[in-house]
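The values are calculated or read from the model by the stated rules, or taken from the named source; none is laboratory data. Because the structure is a prediction, the values reported are computed rather than measured. Because the Cβ atoms are built from the backbone with ideal geometry, glycine has one as well, and the counts that use them run over all protein chains shown.
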Amino acid sequence: MNELAQNLNRQIQQENLHVYELLSELGKNLYFPKGILTQTAEAKLKAHRFNATIGIATEQNQPMFLPLIQETLTNYDPKDLYPYAPPAGKPELRQLWREKMLNESPSLVKKSFSNPIVTNALTHGLSIVADLFLEENDPLVLPDKLWGNYNLIFGVRRGAKSITFPFYTKEGTFNTAGMKEALLSNQAHGKAVLLLNFPNNPTGYTPNEQEASEIVAALKEVAQQGINLAVVTDDAYFGLFYENSIKESLFARLANIHPRILAIKIDGATKEDYLWGFRVGFITYGSEYPAVLDALEKKTLGIIRGTISSASHPAQTFVLNALKSSDFQTQKQNKFEILKQRACKVKQILDHGEYRDAWDYYPFNSGYFMCIKLKAVKAEALRMHLLEQYGVGVIALGESDVRIAFSCVEEEELKDLFDLIYRGVQDLSGQ
């Protein structure tokens with residue numbers, strides 16, 4: 001049991017033993033992690049220069065938004081706001097999201113997959129996967145560069161056994177061989193859940209065409225050896241592909257490729273459409289068997305009914321109206337270009353070479369983030385020093401990795417941000 005969970009349990013026991021006795025085993029294991037959210041909260045208080053911790057995009061010192069959303073909040077019919085939404089979500093929204101998926105991922109054409117089911121953003125969709133497919137000690141295979149909340153969703157909540165493999169090869173490409181080896185290491189178990197997140201949080205990396213083909217081929221080989229796979233694509237940052245990567249969801253290439261492989265896509269409007277607080281996500285299943293899709297949808301609706309009942313109706317209406325607007329693609333492309341320019345600027349700054357003695361950076365080509373690998377100082381020590389001395393917030397990951405959200409720093413201020421990070425490294429290393 002996590003030490004933070006043990007401390008919380010002791011607090012409850014000391015104050016009211018009866019409440020402690022009411023807790024389920026899951027309840028006893030839950031805790032609030034000292035991870036990205038805690039570090040972000042500290043940065044919010046102290047990062048007066050740059051706060052490169054938050055996983056949203058900003059513009060002119062405010063959250064980035066599409067004007068067509070912001071300007072029309074009073075223009076909705078009450079019937080589209082106040083009644084309960086259906087547990088599966090507004091039918092028109094589900095259909096439009098399905099059409100969007102087909103337009104953006106051509107490999108889905110002629111494949112069999114469910115209508116997207118509306119979730120309360122992506123974390124909820126991932127938790128549905130955990131509830132449906134993971135028992136205690138079932139293997140969850142995922143790269144070692146991962147979103148910390150996976151530990152709560154799959155590990156603490158369901159008791160899954162996380163098996164990680166190095167995200168990158170020595171050449172800086174996606175480690176397909178490591179993924180395959182991790183899956184086969186639990187062959188005797190007979191099943192596994194594989195979780196892939198592209199564009200990746202925290203690295204900002206998406207595989208290129210060759211890597212994507214290798215991933216698909218490797219998973220087919222694993223399935224052919226008798227392992228049942230639920231392959232989950234966490235597509236939170238879908239569409240934010242800036243350079244040499246695939247431009248569609250890996251879900252499109254995995255759906256229907258083998259009877260033993262169930263492809264599951266988790267996505268939503270939260271990140272890709274700059275609607276973080278609206279909490280509109282989707283879960284979609286890929287299977288060539290209609291009866292399987294029907295059963296999975298009904299099981300998913302059972303989970304939704306028994307937890308949140310249904311997702312926010314107003315939020316679904318806002319997303320639906322945005323998708324139907326003739327200005328949607330133009331405004332979204334404008335925001336994409338801003339983020340792409342920031343990503344390119346970061347590479348330009350780092351490739352100049354002036355920070356080479358302090359860190360290397362991991363390959364990135366997409367999303368909101370990038371990571372540096374420190375050479376001489378510890379990530380947490382640097383994070384705290386930057387906060388206290390320079391008012392700069394970053395995310396420390398492990399001993400040496402630091403995640404930087406270029407999505408929330410203006411392009412013209414990125415050089416100042418990295419200069420201050422470098423100064424912090426020099427301070428700690430005594431240079």
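Out of the residues in segment 74-105 that are under 25 Å from the mean Cα position of the chain (by Cα) and modelled with pLDDT under 95, which is nearest to ALA291 (Cα to Cα)?
The residue in question is ALA88.
Would you call GLN39 over 30 Å from ALA252 (Cβ atoms), out of contact with any helix residue (DSSP H, G or I) (no Cβ under 8 Å at 6 or more places or on another chain), part of a helix (DSSP H, G or I) and among the polar types (S, T, N, Q)?
Judged against the criteria, GLN39 is not a match.
So which residues in segment 366-389 are of a type outside the set (A, V, I, L, M) and surrounded by fewer than 21 Cβ atoms within 10 Å (Cβ to Cβ)?
Hits for segment 366-389 are LYS373, LYS375, LYS378, GLU380, HIS385, GLU388, GLN389.
A quick yes/no check of all residues on (1) in contact with a Lys or Arg (Cβ under 9 Å, 6 or more places away or on another chain); (2) of a type in the set (A, V, I, L, M):
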residue	(1), (2)
GLY172	no, no
LEU183	no, yes
ASN186	yes, no
ALA192	no, yes
ASN200	yes, no
GLN224	yes, no
ALA230	yes, yes
PHE238	yes, no
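Just wondering, is there one or more residues in segment 87-98 that are among the small types (Gly, Ala, Ser) and part of a helix (DSSP H, G or I)?
No, the conditions are met nowhere in segment 87-98.
Just the residues that are surrounded by fewer than 16 Cβ atoms within 10 Å (Cβ to Cβ) and assigned to a loop (DSSP other than H, G, I, E, B), please, taken from segment 156-172.
Scanning segment 156-172 gives PRO166, THR169, LYS170, GLU171, GLY172.
Take the residues of segment 297-317 that are under 22 Å from the mean Cα position of the chain (by Cα) and part of a helix (DSSP H, G or I): which is surrounded by the fewest Cβ atoms within 10 Å (Cβ to Cβ)?
Among them, the one singled out is THR307.
LEU350 - would you say it is closer than 15 Å to ILE128 by Cα, assigned to a helix (DSSP H, G or I), in contact (Cβ under 8 Å) with a residue 40 or more places away in the chain and touching a strand residue (DSSP E or B) at 6+ places or on another chain (Cβ under 9 Å)?
no
Can you pull out the residues in segment 138-180 that are of a type in the set (D, E, K, R), touching a strand residue (DSSP E or B) at 6+ places or on another chain (Cβ under 7 Å) and at pLDDT 95 or above?
ASP144, LYS161 - these are the residues of segment 138-180 that are of a type in the set (D, E, K, R), touching a strand residue (DSSP E or B) at 6+ places or on another chain (Cβ under 7 Å) and at pLDDT 95 or above.
Listed residues LEU414, LEU320, LEU382; which is assigned by TED's automatic domain parsing to the domain that holds ILE246 and either under 20 Å from THR40 (Cα atoms) or assigned to a helix (DSSP H, G or I) (or both)?
Residue meeting the stated conditions: LEU320.
Would you check which residues across segment 99-120 are in contact with a strand residue (DSSP E or B) (Cβ under 8 Å, 6 or more places away or on another chain) and either part of a loop (DSSP other than H, G, I, E, B) or surrounded by fewer than 22 Cβ atoms within 10 Å (Cβ to Cβ) (or both) and list them?
Within segment 99-120, LYS111, SER112, SER114, ASN115, PRO116, ASN120 qualify.
Scanning segment 263-281 for residues that are touching a Ser or Thr at 6+ places or on another chain (Cβ under 6 Å) and not charged (D, E, K, R), which turns out nearest to ALA130 (Cα to Cα)?
The selected residue is GLY281.
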